[in-house]
Amino acid sequence: MNHPTAQVGSEKQHTVVIVGGGAAGISVASSIHKRDRDTDIGIVEPSDTHHYQPGWTMVGGGVFRPEVTSKPMSDVMPRFSSWYQDKVTTIEPEANRIRLADGSTIGYEVLILAPGLELNWSGIDGLDAALGSNGVTSNYRQGMASYTWEMVQNLKKGTALFSQPPMPIKCAGAPQKAMYLSSDFWQKNHCLSDIDVQFHNAGAVLFGVADYVPALQRYIDRYRISTYFQSTLVAVNGPSRKAIFRISGSDGRSEDREIGFDMLHAVPPQRAPGFIRESVLANESGWLDLADDTLCHKRFSNIFGLGDVSGTANAKTAAAVRKQAPVVAENVISTLRKAPMTAAYLGYGSCPLTVENGRIVLAEFGYNGVLQPSFPRWLNDGTQATRAAWWLKAKQLPALYWHVMLKGHEWMATPAVRSSH
Ligand SMILES: Cc1cc2nc3c(=O)[nH]c(=O)nc-3n(C[C@H](O)[C@H](O)[C@H](O)COP(=O)(O)OP(=O)(O)OC[C@H]3O[C@@H](n4cnc5c(N)ncnc54)[C@H](O)[C@@H]3O)c2cc1C
């Protein structure tokens, strides 16, 4: 294990350096500051705008206006931190230093990696060029959920395809959420019977945690959606409105099938950002190699991580970040004080599956699919579609995100204590 020592000779230096000013980076900065107001924190984040990505599904379903899903980065960047508006290109963990795109370096005592994940648009042949016209859309592309909603409103008959790539992806339920909200709109507008809705999932099951499948299956039946498993979108031709799916058989063989469409909601395969994937910090799958409970790197004791970049086996969601940020904050403070780490993350993640406009199946689970409901069953039964969960997602969660989570108020997120303590 490496031990934190400040590097002499670096151009700049902070006690804590955070890479990424998304949901995870801003939340963890606020949680550290809440615990120790004197901690000197630098945040590296290239973007001008901070996005509330969980809202994009709602934009695609005509529920939210696009404007409510973003704010200028300067509005969410904590005033107590130093903001470097640049990209990190390299991490030099042996030297306790990161390198930025402008060539400068920043030294750290503790490094927190929160750069999210990379949407690999070119992993599907022709998709990038096809997006935004000829009915090809994706709620995963920033700014494109409005086009999804436009396509949904315009489609009166034909074929609508919804694809889901291999896991892991962020918000594993989001490919389905787009499909259910679209189908609900078509049903309410009496055109669903003229639309052939197909769900093509690279995986083998409807949802990874079996307890939620019956409720989702009821909506698949209600909307008469045809489901295809182990069917992976591999190519798109926008102008000819054709998609190619690779269907894997149980004998290990695969065949390609071309399907014409009037609307295609595509989700790209996803991976860790290159500067993590190709570094010594990655696990064998390219994700950040973290201990499941402490979220400390397995080999470098002064490096932590959280959010979508993590190689831990939780659902990659902002809801996971809500629980991870206080854990990382506590363990970082302990590390700086040379004390043992006491906080543990139990793998919580949540996926609010918008099965219709007005009801949600609120999937909440931890490592190994163990259910971790936030509310008693009488208030909200997560295995059923409920109005209470819709109210939470549509009316409460955006404000909780901007004003509670990003500010370090830690709503329902007290860290568990590590069993050895
Ligand atoms: C369509 C959709 C629907 C979703 N629905 C839900 C939902 O209902 N509920 C839920 O909880 N979650 C949902 N999510 C997932 C949620 O948005 C993510 O899990 C969450 O944003 C992860 O936070 P993060 O900080 O790890 O990544 P991000 O929020 O993506 O932030 C990463 C930040 O790192 C920065 N960065 C990247 N590379 C570098 C670099 N080299 N140097 C410095 N900075 C860098 C980026 O600019 C970005 O600001 C959804 C996501 C999508 C796309």
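Remarks
- Boolean, Thr148 is in a strand (DSSP E or B) and either touching a Gly at 6+ places or on another chain (Cβ under 7 Å) or at positive phi (or both): no
- Restricting the range 116-139 to residues that are out of contact with any Lys or Arg (no Cβ under 7 Å at 6 or more places or on another chain), open to solvent by less than 30 Å² (accessible area, probe 1.4 Å) and within 13 Å of the ligand (Cβ to nearest atom), the residue that is nearest to Ser285 (Cα to Cα): Gly116
- Test for Arg387: is it surrounded by fewer than 21 Cβ atoms within 10 Å (Cβ to Cβ) and modelled with pLDDT of 95 or more: yes
- Residue check for Leu290: surrounded by 18 or more Cβ atoms within 10 Å (Cβ to Cβ), in the same structural domain as Thr342 (by TED's automatic domain parsing) and at pLDDT 95 or above: yes
- Single residue of the range 140-154 satisfying the filter (among the hydroxyl-bearing types (Ser, Thr, Tyr) and within 12 Å of the ligand (Cβ to nearest atom)) that is most open to solvent (accessible area, probe 1.4 Å): Tyr140
- Of the residues Ala388, Ala394, the single one that is in contact (Cβ under 8 Å) with a residue 24 or more places away in the chain and either assigned to a strand (DSSP E or B) or farther than 23 Å from Ser31 by Cα (or both) is Ala394.
- Residue selection: Asn189 satisfies the criterion of being assigned by TED's automatic domain parsing to the domain that holds Ile124 and free of Cβ contacts under 8 Å to residues at least 12 places away in the same chain.
- Residue in the range 183-200 that is of a type in the set (Gly, Ala, Ser), within 21 Å of Asp256 (Cα to Cα), open to solvent by less than 60 Å² (accessible area, probe 1.4 Å) and within 25 Å of the chain's Cα centre (by Cα) present: no
- Within the range 196-217, being touching a residue at least 60 places away in the same chain (Cβ under 8 Å) and more than 16 Å from the ligand (Cβ to nearest atom) holds for Gln198, Ala210, Asp211, Pro214, Ala215.
- From the options Pro115, Pro78, residue that is part of a loop (DSSP other than H, G, I, E, B) and under 21 Å from Arg277 (Cβ atoms): Pro115
- Of the residues making up the range 32-58, those that are more than 9 Å from the ligand (Cβ to nearest atom), open to solvent by less than 10 Å² (accessible area, probe 1.4 Å) and either in a helix (DSSP H, G or I) or within 26 Å of Cys351 (Cβ to Cβ) (or both) number 1.
The values are calculated or read from the model by the stated rules, or taken from the named source; none is laboratory data. Every value quoted in this text rests on a predicted model; they were computed, and no experiment measured them. Cβ atoms come from the backbone with ideal geometry, glycine included; neighbour counts cover every protein chain shown. These accessible areas exclude ligands, DNA and RNA; they are computed on the full protein's heavy atoms, side chains included. Shrake-Rupley method; radii C 1.70, N 1.55, O 1.52, S 1.80 Å.
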